[in-house]
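Comments concern the structure below.
What follows draws every value from the coordinates through simple rules; no lab data is involved. All values derive from a computational prediction rather than experimental measurement. Quick reminder, even Gly has a Cβ in these numbers, built from the backbone with ideal geometry, and neighbours come from all protein chains shown.
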């Protein structure tokens, strides 16, 4: 067992006013806490089996990822990471993986404008490695090489989602005012 100290016999420095541990109760306020995570849905389709296994060509993969958000009450939210992976060999479907990987998250004290980015960027970032592992296992157990999915920039995905919402709102505004 080791004893960690701040220096050669020096007492630890007292917490500063900006230190979260200095808050009443002595525990830091965490902005996002994972309460649960789970595989919500999984589908693996191998439409050309067993003929597809006679090919020496490696499957070509295309993946799409979306994030869904569900308010559960007070400061609890469900975040669901949906993945679809389509693989082709010679232009024909080799396999399809669809999965929904969810998590229940609790929000700490955060500014209202930070709630959506935390839930749409940070929560999926925490869930992604587990969803990727499930997809890799499904492809391997389906008789194909284990799929390797590159990390996803959820911040860029969120910015694209916000731009799309803004464009839709702008397009709907003139239509609504024209009907008045």
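Return the ratio Rg/(2.2 N^0.38 Å) for the range 29-149, where Rg is computed over Cα atoms only. Don't jump to the answer; show the numbers that get you there.
Values: Rg = 17.3 Å, N = 121, 2.2 N^0.38 = 13.6 Å.
The value comes to 1.27.
Would any residue of the range 52-72 have its amide N under 15 Å from a label point 7 Å out along Cα→Cβ of residue 36? List them or say none. Within reach of a label on residue 36: 70-72. Summarising the label geometry, the points placed 7 Å from Cα in the beta-carbon direction at residue 140 and residue 72 lie 2.9 nm from one another.
In terms of the mean number of neighbouring beta-carbon atoms within 10 Å, the peptides 147-156, 54-63 order highest first as 147-156, 54-63. Mind jotting down the distance between the C-alpha centroids of the range 102-153 and the range 55-89, whole Å? Cα centroid of the range 55-89 versus Cα centroid of the range 102-153: 9 Å apart.
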